[in-house]
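Read the figures in this text as sums done on the coordinates, not as results from a lab. Bear in mind the structure is a predicted one, so any value in this text is a computation, not a measurement. Please note: Cβ atoms are built from the backbone with ideal geometry, for glycine as well, and neighbour counts cover all protein chains shown.
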Amino acid sequence: MSVHTSLDRSDPSAAVRRPVSIHDLAAAKARGERFVMVTAYDASSAALLDEVGVPVLLVGDSLGMVVLGYDSTVPVTLEEMLHHTRAVARGARDALVVGDLPFGSYQEGPTQALSAAVRMLKEGGASAVKLEGGGPMVATTERLVTAGIPVMGHVGLTPQSVHQFGGFKVQGRDPAAAERIVEDAIALAEAGAFAVVLEAVPAAIGATVTAAIDVPTIGIGAGPHTDAQVLVWHDLLGLTSGRLPRFVKAYADLRAEISGAIKTFQSEVADGEYPGPEHTY
C-alpha cells in the first residue's frame, strides 16, 4: 500500500489517491514502508513530483543556495520562503507540503515561531513546518503542536547553524555528540513532531533514532536505516555543478541534457533552421 493510497469508502475494493496527511506517514512507518521526500521550489516541479506520487514536498530554505544564489541558507527571509511555498502549494494536489522556517524567524522562542508558522500555513499554503535543532526547539515544537501546527524536526547537521559548526560537516562522530543528537530527536518526537530529519550523521545514529522513536525519521546522509530519504531536487536530477556531498546520488544528468538542448537551439537559429514552416503561422 502506498503512502498516497487509501480505500475509497464508496467502494471497499478500490484504492484511490487522496491528499497525504501526517497520519499516513506514521502508518507507513508502522508498516515498515519506506518513502521519499523531495525539495520543491516552484509550481511546475511540485506538480511533476506530485504526479509521480512523491508523498512529501519540502520547500526547503536550501532554495537560498540552489535558487537564489546565496552562499548558505542563513540569508533566506520568511518572505522569500512564503513566496516559494505558495508556488509549491499551488502546484501540488496530493502531496504533503512542508515549509521550512528560515533562520531568524523562530530562534527568539515559541511566540516568534508561532507567528512565523501561522503565516506559513495561512499565507504560504503549507500543511506543516520544519524547524532546525533540538534543545530549546523542543519547547518551541511543543508550543506549535499545541496550537495545531504539524512540526517536522531536524537534527544533526542543521545548515542554519553553519557558522557555529564551522562549515557543512558531519555531526555526531564522537560519543557525546552522538548521544546529544539521539536525545534531541527523542525529545522532539515526544514534544509532538510528526517526523524528524537526520542530516549528515553516522549510519549508526540513523538506525538508533529510527528504532527509538515512533514517528518517521527522514535521512539525508544518515545511512540506510531511516524510514525515509530526502534529496534536493537539483541534486538528484544532476542539475548541480561542482563537488557534491557524499550522500548525494544523481539519478539523471539533466545539466548536460539542458546544455545540449540550448546549444542546439542556438545553432538552429544561427543557421536559419528554426523556426521552420511547421513552427510558423
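Tabulated data
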item: Calculated FRET value between residue 249 and residue 107, using beta carbons and R₀ = 35 Å, to 0.05; result: 0.60
item: Rounded tilt (10° steps) of 78-91 against the dominant C-alpha axis of the chain; result: 70
item: Top of 142, 132, 183 by mean-square fluctuation, Gaussian network on the chain, Cα under 10 Å; result: 183
item: GNM result for the chain, Cα springs below 10 Å: residue of 256, 43, 177 fluctuating most strongly; result: 256
item: Cα-based convex hull volume of the chain per residue, rounded to whole Å³; result: 167
item: Whole-Hz couplings from phi, Karplus 6.51/-1.76/1.60, listed for the range 215-231; x for Gly and Pro; result: 8, x, 9, 10, x, 9, x, 10, x, x, 9, 6, 6, 8, 10, 10, 9
item: GNM top mover of 203, 270, 47 - the chain, alpha-carbon springs below 10 Å; result: 270
item: Label-point separation, residue 265 to residue 70 (7 Å along Cα→Cβ), nm; result: 2.9
item: Added length on full extension, which subtracts the Cα-Cα distance from 0.36 nm per residue, residue 190 to residue 115; result: 24.8 nm
item: Full-extension gain in nm, residue 257 to residue 18, via 0.36 nm per residue minus C-alpha separation; result: 82.7 nm
item: Relative contact order [Cα under 8 Å, 6+ residues apart], the range 17-250, whole percent; result: 18
item: Extended-chain gain in nm, criterion 0.36 nm per residue less alpha-carbon gap, residue 47 and residue 139; result: 29.7 nm
